[in-house]
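Encoded as structure tokens, the structure appears first; notes follow it.
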Amino acid sequence: MKQQQAPGQLEIARAFINTLDLEAGTDDFATSTGMQRWLARHLPAAPGTINEDDRRRVVEFRVLLRAAAAANGPTSPDIDWLSALNHLADGTPLQLRFGDALAPHLSTPDDGRDTVFAQLLWIVAVAAIDGTWKRLKVCPAEDCRWAFYDNSKNRMGVWCQMAECGNRHKARAHRARQHLAPPERQPDRSARPGDRKKPWEATQRT
Ligand SMILES: [Zn+2]
């Protein structure tokens, strides 16, 4: 498997997006208790409570982040994620705080979903400044959409795994081309079937 892990806290944002795993058909955020458990494990400061309304808003935020990361790849997402992200930042009371050795972070007086937004907005902002955000991408395969960190030298990685999603896409495109192409005349193989040597015969016979 390709190295997909993002550096530093950006890995939290990547894991956050991948809580919805289309290939496995699982969603860690399907219930508010599931979400709360995940957030407690992954965020530096876990929210006190997550109610159903919080859960829905955080899931919407996940859609936004996935679209924002997808925009780092070749296809542009079909939602206006930038306006939505700014709208979300507008509606979240954010406070700049300093920790040990002046380590900055964003905080919020709210104990619910805003705690989630504040921490992830901070992670995204830092990654946008240090240049790592551009490498957080989303696999364009419709049935995958996995977020991965593009560790390639030329930053041109497109698929989460070329061996799976990339090749599946190539095979589909090939089939589509064949479907569109005018019918070709097939060689008549039925005439003398006995003449065609089976692959294993070539090596067994001496
Ligand atoms: Zn993929």
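Taking Gln119, is it more than 16 Å from the ligand (Cβ to nearest atom) and at pLDDT 95 or above?
yes
Which of the following residues is within 15 Å of Asp114 (Cβ to Cβ) and not charged (D, E, K, R): Leu22, Leu82, Leu88, Leu65?
After applying the criteria, what remains is Leu88.
Within the group Leu64, Leu39, which residue is surrounded by 18 or more Cβ atoms within 10 Å (Cβ to Cβ), closer than 22 Å to Cys139 by Cβ and among the aliphatic types (A, V, I, L, M)?
Checking each option against the conditions leaves just Leu64.
Of all residues being more than 23 Å from Gly8 (Cβ to Cβ) and small (Gly, Ala, Ser) in the range 148-173, which is nearest to the ligand (Cβ to nearest atom)? Just the residue, please.
Among those residues, the one meeting the criterion is Gly166.
Cβ-Cβ distance below 9 Å, separation of 6 or more or different chains: which pairs start in the range 169-180 with a residue that is touching a residue at least 24 places away in the same chain (Cβ under 8 Å) and end on one that is surrounded by 10 or more Cβ atoms within 10 Å (Cβ to Cβ)?
Taking only residues 6 or more apart or on different chains, the pairs are His169/Pro140; His169/Ala141; His169/Trp159.
I'd like to check something: does the range 17-26 contain any residue that is over 25 Å from Asn151 (Cα atoms) and not small (Gly, Ala, Ser)?
Checked the range 17-26: at least one residue is over 25 Å from Asn151 (Cα atoms) and not small (Gly, Ala, Ser).
Cβ-Cβ below 6 Å, separation at least six or inter-chain, first residue in the range 1-28 and modelled with pLDDT of 95 or more, second loosely packed, with under 13 Cβ neighbours inside 10 Å and in a loop (DSSP other than H, G, I, E, B): which pairs?
Glu11/Gln5
The values are calculated or read from the model by the stated rules, or taken from the named source; none is laboratory data. Because the structure is predicted, anything quoted here is derived from the model rather than measured. No Cβ is skipped: glycine too gets one built from the backbone with ideal geometry, and neighbour counts run over all protein chains shown.
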